[in-house]
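The numbers here are math on the coordinates, done by the rules we state, and not lab data. Note that the structure is predicted; figures quoted are calculated from it, not measured. We place every Cβ from the backbone using ideal geometry, glycine too, and count neighbours over all the protein chains shown.
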Ligand code: NOJ
Ligand code: NOJ
């Protein structure tokens, strides 16, 4: 037996080598021919997943805590932000089917921790109830001065838990849809949905934790949570709740008209500002693109009023993306000095938050990846609607330039901070921002989807 193995293994090695040469060559050709693969992006995906997993249930946190980053000072990101955590979990859900058995096992454990922890957080008394944006790593409420409430949180959490309920159905006892919908021991979907349904009209602080008012991003994710929540409730026989969630979702849809800038045919990020920073004059914000990415399912069409609809086919998505892109082209040194095609994108042009100071804002990897994700999603929709392959591939190529931009500024091992310094181009602000990796994973998935639809 031993002998045989020794004889066979060099042959196996040779075979493996030959296969890898062939695959490599084949992929190279494909890249030239039709952009099938973005090498860097696909290579980064497994790394990003590992780095995400490292930031969940760390040994010095309460299990289920997703730290925003490992940095503990200037600024301290060693907290569980409800928004970041939900988005990170959603990226893992998206990646789950393609994971190895071993990685799935590890990920399942993290999912379970997140569900139990989220239920505990819902029961933890806080200064603003369910809209509380962040918690200490031991699971206790964070009671210092902060911008609160942030009402995108419960909606994003409901979306992540509903997706987990479906994923874990039949996989694990005790984590099925029924238990997760309305059970006090694990994250209760209904608790978050009720909060969203009853509070969406109230002003809250935006996702960047700065402006108090009504926000397109917040409304879009609240709407999606209620629509998906209504389906969920109906399946479980909670008909009264289902009707109520649908009703509220329709009212949110009608309300979206307040964000429509008819003159420019684009969306505005905040209206009815009642407090917080007042320096965002352009009302252009990458949060608009995040709102499409996180709030609009493929194939969905929102009817806002007779002449105004929003779907992945709407021109307003590309128009808004173009405005975002143009707003950043002019303002950062690295966007003017470099011969890279796509500009690095920040949160919004007037931003002054540099991480440990507020003396000047920077571009962010997650914002630059978000615009790519939007473009990939539009490309997919075009293919599904029978537009020419070339038409869709043009968008893919455009999106890839944003990925190249992130690649250019990333650390050599691909790791990502929160920000890219606007003058030097080096990574800056906190290292290993968990959300940066989630943004990479979802952009990669959106890119893969374009080619899956083209088959
Ligand atoms: C901290 C918040 O996390 C960040 O988003 C915001 O820009 C700054 N505070 C503003 O001071
Ligand atoms: C600041 C960002 O503006 C906010 O969106 C995020 O939740 C926190 N940092 C934590 O990553």
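Global dimensions of the range 337-455 from alpha-carbon coordinates: Rg and Dmax equal 15.2, 49 Å.
Computed over the chain, relative contact order equals 15 percent, with contacts defined as Cα pairs under 8 Å that lie 6+ residues apart.
Of 238, 351, 254, the sequence from fewest to most neighbouring Cβ atoms within 10 angstrom is 254, 238, 351.
For the chain, the spread of Cα positions along the three principal axes, ordered from largest to smallest, is 72, 53, 49 Å.
Fewest to most neighbouring Cβ within 10 Å: what's the order for 358, 188, 320?
Taking fewest neighbouring Cβ atoms as first place, the list is 358, 188, 320.
Across the range 137-292, Cα-Cα pairs farther apart than 19 Å form 57% of the total.
Label-to-label distance, residue 258 versus residue 306, with points set 7 angstrom from Cα along the beta-carbon direction: 2.3 nm.
Residues 195, 114, arranged from fewest to most other Cβ atoms within 10 angstrom of their Cβ, appear as 195, 114. Note on the chain: helix-only mean residue ellipticity at 222 nm, from DSSP H runs of 4+ residues weighted -39500 (n - 2.57) and normalised by residue number, equals -18000 deg cm²/dmol.
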